[in-house]
1. Give the Debye-formula value of log10 I(q)/I(0) at each listed q (0.08, 0.09 Å⁻¹), with one equal scatterer per alpha carbon of chain B, two decimals each.
2. Placing +1 on the Cβ of each Lys and Arg and -1 on the Cβ of each Asp and Glu in chain B, which of B:Ala193, B:Ile228, B:Leu85 has its Cα farthest towards the positive end of the resulting dipole?
3. Mind checking B:83-94 for the average number of partner chain beta-carbons within 10 Å of each residue's beta-carbon?
4. Going by Cα centres, the stretch A:1-70 and the stretch B:135-207 are how many Å apart?
5. Lys and Arg at +1, Asp and Glu at -1: add these up for the other residues within a Cβ distance under 10 Å of A:His28 and post the number.
6. Distance from the Cα centre of the stretch A:207-229 to that of the stretch A:81-96, in angstrom?
7. Using only C-alpha positions, report the orientation-averaged shadow area of the convex hull of the stretch A:188-317, nm², one decimal.
8. Would you mind getting me the FRET efficiency between B:Glu227 and B:Gln95? Use the beta-carbon distance for r and R0 = 25 Å, nearest 0.05.
Amino acid sequence: MITLEHAYILVGLMFLGFAILTLRDSDHSTRIRSALFWGLIAVSMLFGSYLGGLGNGLLILALVALGGLKKLGVGQPSTTTLEERRGSAIRRRNALFIPALIVPLIAVGGTLAAKHTDVGAWLISSTQTTLIALGLGCILALIAAMVWLRPPVMAPVQEGRRLMDSIGWAALLPQMLASLGAVFLAADVGGVVGELVTRAVPMSSPLLAVAAYCLGMALFTVIMGNAFAAFPVMTAAIGLPFVVGQFGGNPAIVCAIGMLAGFCGTLMTPMAANFNVVPANLLELPDRNSALNGVIRAQLPTALILLGVNMALMYALAFRF
Amino acid sequence: MLVLLGIAVVVAGFVARINPLLVILIAAIVTGVTAAVAPGVDVRALARAGVDTLAAFGDAFNDNRYFHITWLVLPVIGLLERAGLQERARMLIAQVRVATAGRLLLSYLLVRQLTSALGLTSLGGHPQMVRPLVAPMAEGAAEVQAGGDLPDKIRFRIRGMSAATDNIGLFFGEDIFIAIGSIVLMVGFLEQAGIIVEPLQLSVWAIPTAIAAFAIHGARLLLFDREIRRALAARSAEAGQ
């Protein structure tokens, strides 16, 4: 059976490849530092479970020192020219899309197969099925592309390194925020925040409670970069005791729409790196390093209007159904 | 109260534009140490709390390695880009006469919301869809309108809007699916609070917001076409003088 551990080994080997090729790239502006950065991620993927908590903590200290203090450079491995790409695009026509579509199709197909067929359940582990199936799709697509395009053997690692360099330290941000969430949980930060909010805002009407809950969800999501981290805190602090408990709101409606109010916060924050910073880096936006980069600015009007709509919807629906 | 210093560190680091990796690590240590503060606790105990927090942070870091699996797509996408994937996406969209950047993104928004609502969230995404396909197609459509190269400002606006459309389609589609992470989280949370709800009860109430998201962002995308037209007209007027 393919499990998460197998996927980690594969990811570790990929990062190891990035590290080695970076080390051999004499034109790279931060050759040693970048190679160590990707190399340590490889160590975490391959051996993380054997390092223990403190070992992993020290590994994180090193990663932050390498990638968080000074900018990492972007390697420029040799690749095809624009003319060659245009020529290849004309020659190979729409078949070029096929390997790119293999990845999501296998990811979705594999997930469905693991849930509904015996063969699938035997092949793919039931924890994090979609991610494992996604990894499987990447491998199959890579094999198909290698056989068909016949590039130099190291081309996939070199091209992957080019893209990974453009993502840079942001690759670690979601994982770091999730770990911060675990520390917050252990220290009961949520309970303290809840106490504070209820002391500051008088919950004298359903409208006020709804507004405080939705705004709290959005605001805490902006700080934590993730609505999942904000949800237990704000719902325990305001959603359940006031909107549901005191004013009799329907808990299913309150939670469902409260979570969506949090998603509006996700659209507004650079802390949500995988949604807002990674694409800005991948699309090479000139303002990718600013707090309000092009992706967030494009989302801001939709997010703000939708936050208002969510409050109106919760107020209109939660006390009626 | 003191544990809130961790949040203060996150906010201050954000305002001071310090690298978030560094800020998060410091915030975690500060939270762990301040949580241990109590009358009669000496400095050595606080130092031990700091080390313990680093270890707890390390454990959580190790448990959350699965975020990195999505990077496996990069070698494939890089390889295809090397063979002209982005260029092909542009050529394809140039053949569709009625395509504009806004209309193209509007149809992508619809597809992304509907597929996410069916649980097919991995059909989209920034490394695998937006960079290689959606953004080049939207740029290609605008290039046809412009009759050639785009001004940089419009090009980057289109790219930002492409990424935004992927996010909005995902966020306000996925919660309609009953087996998505956020629904599982809500069911578990409510169960702990003694309230039993079925996943379906939660997911149906994501539908009104999903419709509103489509209406709001869809309208913005159609207005976006006008913005592009106006910017292109302004440029050709300038060139004519």
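1. The Debye formula, applied to the Cα set alone, gives -0.50, -0.61.
2. B:Ile228
3. For this peptide, the per-residue mean of nearby foreign Cβ atoms is 6.
4. Between the Cα centres of the stretch A:1-70 and the stretch B:135-207 lies a distance of 30 Å.
5. On the way: positive: A:Arg24, A:Arg31, A:Arg33, A:Arg161; negative: A:Asp25, A:Asp27, A:Asp165.
Net of charged neighbours comes to +1.
6. Here the two parts' Cα centres lie 47 Å apart.
7. Working: hull surface 31.0 nm².
Taking the Cα atoms of the stretch A:188-317, their convex hull projects to 7.7 nm² on average.
8. Computed FRET efficiency for B:Glu227 and B:Gln95 comes out at 0.55.
Readers should treat all values here as calculations from the given coordinates under stated rules, not as data from a laboratory. The structure displayed is predicted, hence computed values, not measured ones. Heads up, the Cβs are rebuilt from the backbone with ideal geometry, glycines too, and the neighbour counts pull from every protein chain shown.
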